[in-house]
Amino acid sequence: MHKKRLVIGITGASGTIYGIRILQALRKIESIETHLIVSDAAAICLSHEVDMSLNELKSLADVVYDIDHFSASIASGSFKTMGMIIAPCSVKTLSCISNSLSLNLIVRAADVCLKERRKLLLMVRETPFHLGHLRAMTNVTEMGALIMPPLPAFYTKPQSLDDIVNHSVGRALDYFDIEVPGFMKRWGEDISIPDKTLQSCS
């Protein structure tokens with residue numbers, strides 16, 4: 001069976017768990033082949049945030065690339081993929097993508113997705129945003145990317161941090177039409193719609 005390929009980039013912003021959880025979720029989907037790039041800064045964040053080694057992280061992917069491997073298959077538009085998720089996406093990576101500065105393989109792979117009109121989802125992690133951040137996000141949106149900061153949905157009544165992470169990951173994978181059972185509750189399906197629309201106080 002020919003597998004569909006999805007590129008995963010993990011960069012040096014807080015939230016390495018999002019990239020990890022995406023890889024863990026996709027291991028359950030036999031039809032998906034994951035291609036991973038981890039930045040040097042992401043490896044540092046990993047050591048502070050998660051009880052997992054870099055080698056353990058890399059073992060979750062089907063194919064792993066060095067951040068400076070510019071001759072890698074995913075650096076070429078002729079290598080067919082579904083697209084790419086960068087989770088988390090640092091402002092530095094966002095800015096490089098916005099300005100087409102392919103300083104490393106993560107940015108080059110993202111640029112390939114844009115030029116080939118493939119899906120590119122950026123889980124940008126920063127707060128608060130200043131005008132430069134917002135302009136960069138507007139720019140990449142106009143170029144064809146989807147900006148999806150991992151913001152929690154409290155209507156799901158999360159009981160743990162895992163619930164919050166899984167819902168954001170489920171929403172990200174939805175963009176690629178990938179369904180991971182049990183990862184998220186859906187409004188109107190798993191969650192009842194209220195009988196009345198709540199009226200705000202004026």
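The values are calculated or read from the model by the stated rules, or taken from the named source; none is laboratory data. From a predicted model like this one, the values you see are computed outputs, not experimental measurements. Note that we place each Cβ from the backbone using ideal geometry, even for glycine, and neighbour counts take in every protein chain shown.
On the given criteria, is V124 surrounded by fewer than 21 Cβ atoms within 10 Å (Cβ to Cβ), in contact (Cβ under 8 Å) with a residue 12 or more places away in the chain and under 20 Å from V169 (Cα atoms)?
So V124 fails the test.
Write out, first by first residue and then by second, each pair whose Cβ atoms fall under 7 Å of each other, whose residues are 6+ apart or on separate chains, and whose first residue, in segment 134-160, is over 17 Å from D190 (Cα atoms) and of a type outside the set (S, T, N, Q) while the second is exposed (fewer than 13 other Cβ atoms within 10 Å of the Cβ) and modelled with pLDDT of 95 or more.
Partner pairs satisfying both residue conditions: G144/R117.
With within 19 Å of G12 (Cβ to Cβ) and in a loop (DSSP other than H, G, I, E, B) as the only criterion, which of D111, D51 stands out?
D51
Quick check, is I86 part of a strand (DSSP E or B), touching a residue at least 24 places away in the same chain (Cβ under 8 Å) and either on the phi > 0 side of the Ramachandran plot or touching a Gly at 6+ places or on another chain (Cβ under 7 Å) (or both)?
For I86, the condition - part of a strand (DSSP E or B), touching a residue at least 24 places away in the same chain (Cβ under 8 Å) and either on the phi > 0 side of the Ramachandran plot or touching a Gly at 6+ places or on another chain (Cβ under 7 Å) (or both) - is met.
Looking only at residues in segment 165-198 that are β-branched (V, I, T) and closer than 15 Å to A153 by Cβ, which one is surrounded by the fewest Cβ atoms within 10 Å (Cβ to Cβ)?
I193
Look through segment 15-42, keep the residues that are more than 13 Å from the chain's Cα centre (by Cα) and either among the charged types (D, E, K, R) or part of a loop (DSSP other than H, G, I, E, B) (or both), and return whichever of them is nearest to A110 (Cα to Cα).
Top of the filtered list is S39.
Please go through segment 114-131 and give me each residue that is of a type in the set (A, V, I, L, M), under 21 Å from S76 (Cβ atoms) and in a helix (DSSP H, G or I), ordered by number.
The answer is L114, and nothing else.
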